[in-house]
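Presented below is the structure to which this report refers.
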Amino acid sequence: MKNKLFPQLFIIYLRYIIGFAFVFASIVKIQGLRFTTDSGAENPINTAWHFFETMYQSGLYWKFLGLSQLIAGLILMTQKYAKLGALLFLPIIANVFVITISYDFRGTPVITGLMLFANFILIAWDWNTLKILVNKKPSFQSELRLENDSLWTILGILFFVLTIAAKIFASATTLLPITLSFLIIGVVGLVIGVKKHRKLQRGKLH
């Protein structure tokens, strides 16, 4: 299955999506800003907003969380180092998921739960090599994997830069061009990647 085109593309773009979510959410923390303009200090101590206000007021810890998310997201989006990215992502998203089920976040646990599940999919995808972490002998595939093409790394860096720009410069006037940029880069990269894969497959048959 791992040598088939669709599963490989699914994993590649799943890494992009998760990486985007983490990088996008990290910027506000690195900037030392709140998620919202209002302080949560006046809310009851057992509420989500008070909890986030406490983390925000910590200063260094708030920025450390953001930097951790940024690094994990970037590594995932590079594709080349995505195994490490998935491992870094796991404790962070597991922590976020537990936070969202510990407080009243309404539908947010569904989103964080899906992200955690997606992380498990990424780890399962690379389990043949990651199992060395539990003292199992790793196995390596001799087949060329689509994700190893430098195209996807370039695409990932473009997505990373665009994500940061989208967060910092997002406004009513920039929303449409930024969204179109994501779509164009994603589609163009997909077309080029599929063509390169098919060309490689035809070369192997001759």
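The values are calculated or read from the model by the stated rules, or taken from the named source; none is laboratory data. Everything numeric in this text was worked out from a predicted model, so none of it was measured. Because the Cβ atoms are built from the backbone with ideal geometry, glycine has one as well, and the counts that use them run over all protein chains shown. Side chains are part of the model used for accessible areas, which takes the heavy atoms of the whole protein and leaves out ligands, DNA and RNA. Shrake-Rupley method; radii C 1.70, N 1.55, O 1.52, S 1.80 Å.
Observations on the model:
- Of 134, 187, 23, the residue with the greatest mean-square motion in the GNM of the chain, using alpha carbon springs below 10 Å, is 134.
- Cα centroid separation - segment 12-52 against segment 59-115, whole Å: 11 Å
- The fraction of accessible area contributed by carbon and sulfur in segment 1-138 is 70 percent, rounded to a whole number (1.4 Å probe; ligands and nucleic acids excluded).
- Across the chain, the relative contact order, built from alpha-carbon pairs under 8 Å that are at least six residues apart, equals 24 percent.
- Compactness check for the chain: Cα Rg over 2.2 N^0.38 Å is 1.15.
- Across all directions, the average flat footprint of the convex hull enclosing the Cα atoms of segment 72-146 is 5.8 nm².
- Cα centre as origin, Lys/Arg/Asp/Glu Cβ charges: segment 75-166 dipole, Debye: 260 debye
- Within a Gaussian network of the chain (alpha carbon springs, distance under 10 Å), most fluctuating of 73, 107, 40: 107
- Cross-link pairs beyond the 27 Å C-alpha cut-off, checked among 83/136; 63/131; 136/199: 63/131; 136/199
- Within the chain, the whole DSSP H helices whose Cα atoms reach 18 Å or more along their own axis and whose mean Kyte-Doolittle score is at least -1.0 are 5-30, 60-77, 82-102, 108-125, 150-169, 175-205.
- Å² of accessible area per residue within the chain, as computed with a 1.4 Å probe and no ligands counted: 60 Å²
- Cα pair distances exceeding 23 angstrom across segment 1-108, given as percent: 36 percent
- Computed from the alpha carbon atoms alone, the convex hull of segment 93-206 holds 153 Å³ per residue.
- Placing a pseudo-label 7 Å from each Cα along the Cα-to-Cβ vector at residue 195 and residue 117 gives an inter-label distance of 3.6 nm.
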